[in-house]
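None of the figures in this text is laboratory data; all of them are computed from the coordinates on show. Note that the coordinates shown come from a computational prediction; the quantities given were computed from them, not determined experimentally. Positions of Cβ are generated from backbone atoms using ideal geometry, with glycine treated the same way; all protein chains shown enter the neighbour counts.
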Amino acid sequence: MMVAVEKDKGDSLMEGDNVYIPHVMKIEKVIEETQNIKTFHFNFKDETQKAQFSFKSGQFAEYSVFGVGEATFCISSSPTRMDHLEFSVMRVGKVTQAIHELQEGDEIGFRGPYGNWFPLDSIQGKNLVFVGGGIGLAPLRSLIWNVLDNRDIYKDIVILYGARSPADLSFKYDLEAWDKDDRVNMYTTVDRGDESWTGRVGLIPPVLEEIGPSPENTVAITCGPPIMIKFTLQSLEKLGFTHDQIITTLEMRMKCGIGKCGRCNIGNIYVCKDGPVFTYSQIRNFLSDEF
Amino acid sequence: MGYKKIKKDQLNTFLSELSKDYTVVLPSRSGGQVVFAPWDGKNTDFLDWYKNTIIPPKALFFPPVEEMFRFRKGEEGYEIEELMPDKRQQIIFGIRPCDARALKIIDMLFADTYKDPYYLRRRENSLLVGLSCNEPCDTCFCASLDISPGQSEDVDILCTDVSDNLLIEAISEKGSNLLSEMSGLSDAGSEEESKAKEMRKSAKEKIARQINLSGLQEKMRSNFENREYWEKASKKCMACGICTYVCPTCHCFDINDENRKKEGKRVRSWDSCKFPLFTRMPMENPRHEKWRRMRQRYHHKFEYYPMNFGTIACTGCGRCIRECPVNVDVTEIIGGI
Amino acid sequence: MVESSQNENIEILTYSEVEEVSGYIGNFDVRIRKKARLVDMKKCTGCGTCYQKCPVKVPSEFDMETGMRKAIYIPFPQAVPNVPVIDKVNCRMFTKGKCQICQKLCQAEAVDYEQEDEVIEDKFGAIVVATGYDLFDASVYGEYGGGRFKDVISGLQLERLISPAGPTGGHIVRPSDGKEPKNVVFIQCVGSRDPEKGFPYCSSVCCMYTAKHAVLLKEHIPDVQTNIFYMDIRSAGKNYEQFVQRTMEQYGALYIRGRVSKIYQRGDKLIVKGADTLAGSQVEVEADLVVLATAITARHDSKELAKILGIPYDQFGFFTELHPKLAPVETVTSGVFLAGACQSPKDIPDTVAAASGAAVKVAALFSGDFLSMEPLVSTIDTSVCSMCKACIEVCPYKAIQEEEITLRDGTKKKQLKVLESVCHGCGACVSTCRSSCIMLKGMTDEQIFEELMAVAQ
Amino acid sequence: MENKLKEEARKLLKEGKVDYIVGYGKGTVKFRTSPLITNKEEDIEGLVINPFIANNLSRYPAEIKGKLGIVVKGCDSRSLVSLIQDNKVKRDDIVILGVPCEGVVDIKKLVEQIGADIDQVKEIDKEGDNLIVKMDGSKKTVLFGDVIFDKCFGCEYPTPLEYDILLGSEVSPRVELEKSLKKIKEFEDINAPERWRYWKEQFSKCIRCYACRNVCPACFCERCFVDVNIPQWITTYGSWQDNLVFQLIRTLHVAGRCSDCGECERSCPVGITLRSLQRKMVEEVKGLFNYETGVDKDAPPVFTHYEATDPEEFIK
Amino acid sequence: MEETKWEPKVVGFLCHWCSYAGADLTGSARMEYPHNIRIIRVPCSGRIDPMFILRALQNGLDGVLVSGCHPGDCHYQSGNFHARRKFAVTRKLLEYVGIEPERVQFSWVAASEGPKMAQVVKEFVEGVRKVGPNRLFKDEIKDGE
């Protein structure tokens, strides 16, 4: 059951001719998720651009802090809620540091959406297993809200989210919302608990095996740091998932976002143009010992 | 379209006529290095010493440093002013067939899916006047990539140096329109044409170096895992950026901002897959080791590019062999797979 | 001394030497060589029969050669611990191979010729250096007899003669013929304030102890006449000046402001020729005894000790304090403190003050189990460090050390580490590191970069 | 000299004294050699010693782990010693095969001398003090002394100071300093704004390929200061100001470690006269601190220690 | 900043224990020194990296003064000795490359030498004024200048 992932999508190109010119957006809200992860709500400055803009969950964009540089993050809000857009950033380098210093009312450059997206139509009528690690929940979150907004098309949904420690749990407000929502069974775990943590403690792969979702008519979608993905894939295989049933996003350094600058080139595909969403079987054939 | 010809000493008039509404760019070595530079209006002695430039003509369309747009923090927020290349048409005189083919190859990438405005604008604004090679260099191996030094379909006009005068042949439709407007050209006689053909044949034989591409893609795919081969091949490589910067088909770039908050420019500059920082991510760097980067460079050119665009991203110009400080030879490495 | 020997927190290691010091403040690893004294300290009762019966007599260092001591000896009667040591150089057992009188006579069988040096390696939190001073050897001065006249003695030798526990039991006699001196000449600044001899500094204590000697001489020999050749009297301490005035008025000390040019022997008298600049005339004094106030110098081995401890020293061999005004008892190497004359010539009150200062500094250091430091320290990003170790050589405090860690996959990796407690944040390593992988907290490159950007605005 | 090298190299490999032999192999481009790094005995046959051995091989011990048998000329051996001083290479990890070097041919100068393009030249061989240049149909003799690199004129240590095996008899130094420093002296005569404009032009050609850094044995840092982006001292794109500042700081970093092997200038694809910078620093460091690079392997690197008598007349 | 009356703008790297304290003393002793200088405090002259000097000039500052303790009384023992070597080589290189020597000045000023600090800064600013504005790193160098 091959899950096709479209390759060419020239139509959603927004800007007239120059694809490198970003839009200037205004930041409406800054949420401090953890001490090094922040989520930004931002919006178009003028309505016409906003009307033309559309994207699908799983796509990413290039965010620029003028005078510092550009960086690549997925759009973590759902296309079904277009009142504003969101993205989340972990502070790791120069540009992310500059982004973390932005406050409400500041401006940020936005270029995109780029890349392909989660195959919404082909996962209809299936059970869904979402496995997110740390900041990996950001791309999943967009899909989860998208799925929940038209919940009835899909069978039952399992969300497993893990982080290193309770302090590193991000999107707490979403976790609570999904926990209370009975249409979804929500599991949260942390690698190391602390005194105030009452929930589950344990690494994601063993917890996943413990939950043991049946691979029957199911698609697993996972995002997170490379080590976590590596072991999650192994435990998914143990649970009987075939490689076509596992979808993940690939982490690669990106600069142009449009398949030109050569950074994200693995094999003959450009992760930014032809990805970042791939099925595990696709990854297996073009990926070798690079990862 | 019949062949035209012009006496070499009249080249001066021909060029000055062209430079009325075009800026003429041709090889010059005023600064000690052979580069493509705007014509100074006088000397055209490049026909005697010109072999090929060190920095390929790709730099005229995809410059080492290029300003993309300027941003300024106005009262109610940032304004962005696009910095497009100027409209003036230009003529690249003396481009070699291998470089012309290289431009065609990277055209495909810059136009694929998302159009690169800067590069394509400059390409549309320019007209290529090729010059066939009579004396290929020792490092050239364009023959084995079925590019003939004397013939080229990738230029608008092709000139061939036939001892005392220059045989001019219009290749593209744009080229023939231009030639039709030009005066001072006389029709070439048949013996010039035959001399040109025989010059082209002899030039092709002179190319001693060649690269064996038979069944390359399968060989490369199977050899991808052969770490020991790539480690040995890349042991002496210094991981500098010369081979990627002097290669006419290398197109990787980096985008950075000028380091000022209030007002500055976003700049696109050349980047090389040979540098470790090319793929460095906060958590890990998939291509930290030198041999992985060399493998990526050759696989991108000889396996991935053909898979995506149907042509090998190499035109045998030999610059990477000549300019490499430690003489890493692509024909040796590709041949040895 | 006795009190400290009984205090259980104090362990006294005599006849021992510090051989090697490594580590840093709070974690000094020190190797001490407890030299073999050839007498078992536990068994010896301190009865003293051994050093009474020992046939060998040698000049006693403690008495500055004014008295004698045996091959097995205790330096002075109240020595702590009251256990003798055998001087291998002069003891017949080692020079001629037989004697063993002390072993035979010792009821406690404490004498053991085969005793070995004992090496103690231990961890210490701080080190207080109180190694004292040496006296300048005045024989270098030809004009004062160059050491030929027995009756030209140094101030310390006179001290031993005056001391009741001294070799002459407190009777001040002339070393040459043992008679009581009637006319004594004191010569100040012998070696001190004399750049040619290499000691341009003033030893600061001689004026006062010479005045004291003049007073004591008067008390012991009522009809003595003391003449003191001086350049200027340095009596800066509390009541010091009054004391000197009293020496002049009540004890009849004759202060002659001038230098002595020559001393020569005439009969059994010593003729001291000098100048009296106040009277503007030559002076000649017939003296029975001449006392030289010789300069205080650093210990002869102070430079080696400084290298062992890793502390700096000045050109005279005195240890250099962290700051002349603000931190006189500390050294640059944090955790090593200085007390007394080893830092610079001092008299007793200053030495006691310095010693208590050092003690309190150590106490402060040990008060908490954490050391509170200024956060201005540097850190090394070992993922990009290329181990050229230029920073180690540049660091004035030796605050960067190499350590070996085992990575996750078990391989061993050498990398550099900055000892936060030792680093003073001078930043020399930061500018020396060519790949800029050292960051000085509080003065990072980024801060300076922003400052430079702001300044250029 | 070549056969002795091959014999020694084979012996070293056979006895397992070294894991790799680093030497000069025949280049695929005429009249150029290319580093040959191998641990297989059959490759030893490819080792050559000829007047074109321009590369400075002491760049490799810092990268390649394990015991190396390395072929070095005079200037390379000084770079190697400087690496030992910098704790980058352990003396007993390398077996040094010293080549007493009479000078290396500078192809650019040769082309000027014979007036024809290098591709026409078929063969060059050295007889005594001149070179016989064979082209198809014609032959030219050129004085060897006219075509060697500028650096070879000022070479005080043609025979390596530090070696385990010397592959030939000692060579007397060819100390024609004024020829070697000709460019620098000429440069110093022009006034300051002219000099600045000269460097401005030179470094607007620079395309930041970093060959000058990657070729230089003294530049062995894991991560170069250029790659630091917090704070971004130097931009990653090649504006002439930043190129110039990059090269000036690199020159200061390399001062005291540069043995004037001339590789930076030879490798620069856009032909920037880098040696005029580095060689000037070699003179300065010798003048100021009387320190020559890589002459004594136990001496501490010049900028990690100091003398009380260092010059300071320029300090007010 | 209209061009009529160009005032040189210089930066001074002063070492915290001596020169900075010296400058402090200059101020507290009511001694005048030119206002053109902006001071950046560094713990020791050994901390100053030639990159700071070049970055300052690249930012358009007209001069850089670097000042530390006299050799021998550096609070960190050997900071100024290492710095002295580095400055000697840096100065020679900057001059060789064509930067006017008056633009970069090194000096030793002790904590007690208030008057000397004022005098060093005055001389330095006059020297920079003589040399004129810093156009080194500007792109368009008009020949007339």
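Describe numerically, in nm with one decimal, the distance between label points set 7 Å from Cα along Cα→Cβ at B:LYS261 and at D:ASP189.
5.1 nm
Per the Cauchy relation, a quarter of the hull surface: what is the mean projected area of the convex hull of the alpha carbons in region C:16-174, in nm²? It would help to have the intermediate numbers written out before the result.
On the way: hull surface 49.4 nm².
Result: 12.3 nm².
Could you work out the mean count of beta carbons from other protein chains within 10 Å of each residue's beta carbon in B:286-299?
2
Which one, A:LEU239, A:SER165, A:GLY93, is farthest towards the positive end of the dipole of chain A when Lys and Arg carry +1 and Asp and Glu -1 on their Cβ?
The residue sitting farthest along the positive end of the dipole is A:GLY93.
Taking springs between alpha-carbon atoms closer than 10 angstrom, which of A:GLY134, A:GLY93, A:GLY162 fluctuates most in the Gaussian network model of chain A?
Most flexible of the set in this elastic network: A:GLY93.
What are the residues whose amide H is under 5 Å from the amide H of C:CYS189, where those residues sit 5 or more places off or on another chain and H is modelled from the backbone?
For C:CYS189, whose amide H was placed from the backbone, the distant partners under 5 Å are C:ALA293.
Which is farthest toward the positive dipole end of the protein assembly as shown among C:VAL244, C:VAL291, D:PRO51, measuring Cα position about the Cα centre, with Cβ charges +1 (Lys, Arg) and -1 (Asp, Glu)?
C:VAL291
Could you work out the relative contact order of chain D? I mean the mean sequence separation of Cα pairs under 8 Å and 6+ apart, divided by the number of residues, in percent. Intermediate values should be presented prior to the final figure.
Details: 511 pairs, mean separation 52.3, N = 316.
Taking the mean separation of contacting Cα pairs over the length of chain D, I get 17 percent.
For a label point 7 angstrom out from the Cα of D:ASP119 toward its Cβ, which stretches of region B:209-242 have the backbone nitrogen within less than 16 Å?
The answer is B:209-211, whose backbone nitrogens lie closer than 16 Å to the label point.
If you count, for every residue in B:257-265, the Cβ atoms of partner chains within 10 Å of its Cβ, what is the mean?
Numbers: counts 13, 5, 12, 4, 6, 3, 2, 3, 3.
Rounded to a whole number, the mean comes out at 6.
Can you list, bin by bin at 20 Å, the percent of alpha carbon pairs in chain C, starting at 0?
All Cα pairs considered, the percentages come to 19, 42, 29, 9, 1.
Using alpha-carbon positions, what is the distance between the centroids of region A:169-233 and region B:227-256, in Å?
42 Å
Once amide H atoms are built 1.01 Å from N in the peptide plane, which residues 5 or more positions from A:PHE130, or in another chain, come under 5 Å H to H?
So A:PHE130 has HN proximity to A:VAL158, A:ILE159, A:LEU160, A:ILE221.
Which of rounded, prolate or oblate describes region B:13-163 when judged by the alpha-carbon gyration tensor and an a/c cut-off of 1.5?
Values: a/c = 2.27, a/b = 1.65, b/c = 1.38.
Cα axes put region B:13-163 in the prolate bin.
Hey, with R₀ at 51 Å, roughly what FRET efficiency would B:ARG227 and B:ASN177 work out to, going by the Cβ-Cβ distance, to 0.05?
Values: r = 55 Å, r/R0 = 1.07.
So, using R0 = 51 Å, E works out to roughly 0.40.
What FRET efficiency comes out for C:VAL384 versus D:ILE64 if R0 is 22 angstrom and r is the Cβ-Cβ distance? Round to the nearest 0.05.
Working: r = 20 Å, r/R0 = 0.90.
The calculated FRET efficiency here is 0.65.
With label points built 7 Å along Cα→Cβ from the Cα atoms of C:PHE366 and D:GLU127, find their separation and express it in nm.
Spacing of the two 7 Å Cα→Cβ label points: 8.8 nm.
Within region E:100-131, report the trypsin sites (Lys or Arg not before Pro) that DSSP leaves as loop and that have at most 10 other Cβ atoms within 10 Å.
Filter output for region E:100-131: empty list.
Would you mind checking which residues have amide H under 5 Å from B:MET68's amide H? H placed 1.01 Å from N; only 5 or more apart, or other chain.
Amide H neighbours of B:MET68: B:ARG266, B:VAL267, B:ARG268.
Restricting things to Cα coordinates, could you compute the convex hull volume per residue of chain D in Å³?
Cα-based convex hull of chain D, divided per residue, equals 162 Å³.
So what are the three principal axis dimensions of region A:121-286 from its Cα atoms, in whole Å, longest to shortest?
47, 36, 31
With no other cysteine's Cβ closer than 4.7 Å, which Cys residues of chain D count as lacking a disulfide-compatible partner?
Taking the Cβ cut-off of 4.7 Å, the unpaired cysteines of chain D are D:CYS101, D:CYS152, D:CYS155, D:CYS206, D:CYS209, D:CYS221, D:CYS224, D:CYS258, D:CYS268.
So for region C:378-456, averaging the separation of alpha carbon pairs under 8 Å that are six or more residues apart and normalising by length, what relative contact order in percent results?
Values: 98 pairs, mean separation 29.3, N = 79.
For region C:378-456, the relative contact order is 37 percent.
Counting DSSP beta bridges with both partners in chain C, what percentage is antiparallel, nearest 5?
Percentage antiparallel, nearest 5: 70.
So what's the back-of-envelope 222 nm ellipticity for the protein assembly as shown, counting only DSSP H runs of four-plus at -39500 (n - 2.57) apiece and dividing by all residues, rounded to 500?
-8000 deg cm²/dmol
Over the Cα atoms, compute the radius of gyration (one decimal) and Dmax (the largest Cα-Cα distance, rounded to a whole number) for region B:144-248, in Å.
Gyration radius and largest Cα-Cα distance of region B:144-248: 20.9, 62 Å.
Specify whether the C-alpha gyration tensor of region A:10-114 places it in the rounded, prolate or oblate class, a ≥ b ≥ c being the square roots of the eigenvalues: rounded for a/c under 1.5, otherwise prolate if a/b is larger than b/c and oblate if not.
Values: a/c = 1.64, a/b = 1.41, b/c = 1.17.
Because a/c hits 1.5 or more and a/b exceeds b/c, region A:10-114 counts as prolate.
Using the Kyte-Doolittle scale, find the helices of chain B whose mean hydropathy is at least -1.0 and whose Cα atoms extend 18 Å or more along the helix's long axis, counting only whole DSSP H runs.
B:97-111
Give me the distance in nm between label points sitting 7 Å out from Cα along the Cα-to-Cβ direction at C:ASP40 and D:ARG197, one decimal.
Going from the C:ASP40 label point to the D:ARG197 one covers 9.5 nm.
Which of the peptides A:106-115, A:123-132 is most tightly packed, and how do the rest follow, going by the mean number of other Cβ atoms within 10 Å of each residue?
Taking the mean over residues of other Cβ atoms within 10 Å, the ranking is A:106-115, A:123-132.
How many angstrom separate the Cα center of region D:280-312 from the Cα center of region B:260-337?
Answer, in whole Å: 40.
Antiparallel as a % of all DSSP beta bridges within chain A, to the nearest 5?
55 percent
Per-residue mean of other chain beta-carbon atoms within 10 angstrom of the beta-carbon, peptide E:69-75?
Per residue, the number of nearby Cβ atoms from other chains is 3 on average.
Could you sort out which of D:LYS6/D:LYS139; C:LYS70/C:LYS307; D:LYS40/D:LYS297; A:LYS260/B:LYS265 sit more than 28 Å apart by Cα distance in this structure?
Violating the 28 Å Cα-Cα cut-off are D:LYS6/D:LYS139; C:LYS70/C:LYS307; D:LYS40/D:LYS297.
About the Cα centre of region C:239-324, how large is the charge dipole given +1 on each Lys and Arg Cβ and -1 on each Asp and Glu Cβ? Please answer in debye to the nearest 20.
I would put it at about 220 debye.
Going by Cα centres, region C:1-38 and region E:42-77 are how many Å apart?
The distance from the Cα centre of region C:1-38 to that of region E:42-77 comes to 45 Å.
Using the Cα gyration tensor of the protein assembly as shown, with a ≥ b ≥ c the square roots of its eigenvalues, what is the shape: rounded (a/c below 1.5), prolate (a/b larger than b/c) or oblate (neither)?
Here the protein assembly as shown falls in the prolate category.
Which Cα, out of D:VAL71, C:CYS391, C:ALA138, lies furthest along the positive dipole direction of the protein assembly as shown (beta carbon charges, K/R +1, D/E -1)?
Comparing the listed Cα positions along the dipole, C:ALA138 ranks first.
Could you give each residue of region E:119-136 its phi-based ³J(HN,Hα) in whole Hz, using Karplus coefficients 6.51, -1.76, 1.60 with θ = phi - 60°, and x for Gly or Pro?
Computed from phi, the couplings for region E:119-136 are 5, 4, 5, 4, 4, 4, 5, 4, x, 5, 4, 5, 6, x, x, 8, 9, 3 Hz.
With θ set to phi - 60°, apply the Karplus curve 6.51 cos²θ - 1.76 cosθ + 1.60 along region B:258-271 and write out the HN-Hα couplings as whole Hz, x wherever there is a Gly or Pro.
Karplus values, whole Hz, x for Gly and Pro: 5, 7, 10, 7, 5, 8, x, 10, 9, 10, 9, 9, 4, 9.
As a test, work out the antiparallel percent of DSSP beta bridges whose residues both lie in the protein assembly as shown, rounded to the nearest 5.
65 percent
Run the numbers on region E:67-108 and let me know its relative contact order in percent, using alpha-carbon pairs under 8 Å that are six or more apart.
Details: 21 pairs, mean separation 20.9, N = 42.
With pairs under 8 Å counted, the relative contact order is 50 percent.
Can you list the lysines whose alpha carbon sits under 23 Å from that of A:LYS172, skipping same-chain ones fewer than 8 residues off?
Counting by Cα, and skipping residues close in sequence, A:LYS172 has these lysines nearby: A:LYS29, A:LYS38, A:LYS180.
Size of the dipole of chain D about the Cα centre, Lys and Arg at +1 and Asp and Glu at -1 on the beta carbon, nothing else charged, in debye to 20?
About 760 debye.
How big is the charge dipole of chain B about its Cα centre, in debye rounded to the nearest 20, if each Lys and Arg gets +1 on its Cβ and each Asp and Glu gets -1 on its Cβ?
For this selection, approximately 1160 debye.
Please compute P(r) over all alpha-carbon pairs of region E:10-131, binned at 10 Å starting from zero, and give each bin as a whole-number percent.
Percent of Cα pairs in each bin: 15, 48, 33, 4.
Nearest 10 degrees is fine. How inclined is helix C:206-220 to the longest principal axis of chain C, computing both from alpha carbons?
The two axes meet at around 30 degrees.
Read phi for every residue in region A:178-186 and hand back ³J(HN,Hα) as whole Hz from Karplus 6.51 cos²θ - 1.76 cosθ + 1.60, θ = phi - 60°, with x for Gly and Pro.
5, 5, 5, 6, 6, 6, 9, 9, 10
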